[in-house]
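The values are calculated or read from the model by the stated rules, or taken from the named source; none is laboratory data. Treat the numbers as computed from the prediction; the structure is a model and nothing was measured. Don't worry about glycine lacking a Cβ; one is built from the backbone with ideal geometry, like all the others, and counts go over all protein chains shown. In case anyone asks, the SASA skips ligands and DNA or RNA and just uses the protein heavy atoms, side chains included. Shrake-Rupley method; radii C 1.70, N 1.55, O 1.52, S 1.80 Å.
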Amino acid sequence: MSLETLWLALLGLLLAGYFVLGGYDYGAQMLSPFLGSADAGPRPDTGAGAGPGTGTGPDGRNAALDAIAPFFLGNEVWLVAFAGVMFGAFPHLEGSLLSGLYPLIVAILAGLVLGNAAIQLRGRSRGARAVKVWNALVVLGGALPAVCWGIVVGLLLHGVPRRADGSFHVGAGEVFGPFALTCGVATALLFAGHGAAFVALRSEPGTAAAARRLGATLLAAAGAAGALALLLSVFGAGASMTRTGTSVVLFALVVAALAAGWWFLGRGRDTLAFTATCLATALPVLLIGAGQYPYLLSASAGGGITVDEAVADGATLKVLIGFGVVVVPLILLYQGWSWWAFRGRTGRRHPSYF
């Protein structure tokens with residue numbers, strides 16, 4: 001395996017890991033008003049209180065936020081690592097991609113900051129009205145990055161306009177095009193269903209049952225949105241792939257993962273359902289990389305930036321091997337330790353934090 005292929009695989013692994021781990025964070029945030037109060041378990045007194053209809057119990061607890069509490073903010077390390085690999089190993093891709101997608105990247109970062117701040121400040125607020133405001137911002141902080149990441153996926157699958165000087169530009173017409181918006185909605189629904197599966201896996205029986213019902217509905221809706229994206233592609237207004245056979249197989253795997261998640265949620269098999277939704281959130285990254293190979297960034301009129309054009313020189317890649325050898329295993333060890341330390345359902349093995 002060449003260094004270029006190795007670094008491309010690492011780039012895809014980090015982005016897929018972020019979609020899987022950050023995806024259930026965003027999903028839990030979006031679902032937080034709909035899953036009611038946490039069932040049981042100790043919680044430090046924050047002085048927060050809320051009435052019916054706010055998605056919180058009388059002590060301010062929220063079942064969906066309780067589920068992600070031990071992993072909160074930790075999952076973003078995958079995004080930081082992805083950005084580091086892109087900056088170091090694929091500098092030409094970074095320059096073209098970020099400049100073309102600048103408004104969407106800013107919106108994603110704004111959603112991250114908003115959601116993180118709202119979750120933290122929600123637990124320190126007193127009074128039902130203040131908690132309602134923070135709850136709404138928590139939902140927005142999850143929905144905005146989810147939709148924007150979906151639009152980014154849609155743009156990369158469709159191809160972005162390329163100017164005469166070789167630079168890429170994304171305007172409002174591309175962002176609000178039917179295929180990009182469909183991908184944005186499909187991704188938001190997928191992340192929400194993924195978050196529901198995670199809440200079902202982590203929560204007490206009453207909340208878990210509600211999360212299963214909601215998650216099954218969301219996964220079915222995500223499948224319908226994906227079918228619309230496929231229909232647009234068939235009629236030439238959607239994805240433009242260089243490897244059609246590979247793309248068809250990967251899309252079929254996404255559909256199978258969604259169907260499996262829906263099936264297992266309906267039968268209370270939480271671990272298998274969450275495994276299926278993990279695959280469904282990771283596979284779109286592979287669809288972009290493998291379905292459009294050798295292009296890393298394709299142009300809507302054809303062509304684009306290939307892997308060889310985007311990658312750094314061989315000497316730089318060899319220097320960066322230390323990053324992959326040291327940092328990536330540390331990320332995996334940290335993630336594995338956090339999951340082991342906070343295994344079990346909320347309220348049984350650890351307290352609530354939000």
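The table for this structure:
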{"read-out": "Difference of contour (0.36 nm per residue) and Cα-Cα distance, residue 99 to residue 248", "value": "50.6 nm"}
{"read-out": "Selected from 203, 317, 182, residue furthest toward positive end of dipole (the chain; charges at beta carbon)", "value": "203"}
{"read-out": "Surface/4 estimate of mean projected area, convex hull on alpha-carbon atoms of the stretch 180-330, nm²", "value": "10.9 nm²"}
{"read-out": "Cα-based convex hull volume of the stretch 150-227 per residue, rounded to whole Å³", "value": "86 Å³"}
{"read-out": "Förster radius 35 Å - calculated FRET efficiency between residue 341 and residue 293, Cβ distance, rounded to 0.05", "value": "0.35"}
{"read-out": "Modelled FRET efficiency - R0 22 Å, residue 227 with residue 300, Cβ distances, 0.05 increments", "value": "0.45"}
{"read-out": "Accessible area in square angstrom per residue, the chain, 1.4 angstrom probe", "value": "42 Å²"}
{"read-out": "Estimated [θ] at 222 nm from DSSP helical runs (n ≥ 4, -39500 (n - 2.57)) normalised by residues in the chain, nearest 500", "value": "-23500 deg cm²/dmol"}
{"read-out": "Where N is the number of residues in the chain, Cα Rg divided by 2.2 N^0.38 Å", "value": "1.00"}
{"read-out": "Cα-centre dipole for the chain with unit charges at Cβ (Lys and Arg positive, Asp and Glu negative), debye to 20", "value": "1140 debye"}
{"read-out": "Summed side-chain charge close to residue 310 - residues other than residue 310 whose Cβ falls under 10 Å, Lys, Arg +1, Asp, Glu -1", "value": "-4"}
{"read-out": "Residue 313 versus residue 325: modelled label distance in nm, points set 7 Å from Cα along the beta carbon direction", "value": "2.2 nm"}
{"read-out": "Under Karplus coefficients 6.51, -1.76 and 1.60, residue-wise ³J(HN,Hα) of the stretch 180-193 in Hz, glycine/proline x", "value": "4, 5, 4, 5, x, 5, 4, 5, 4, 5, 5, 4, 5, x"}
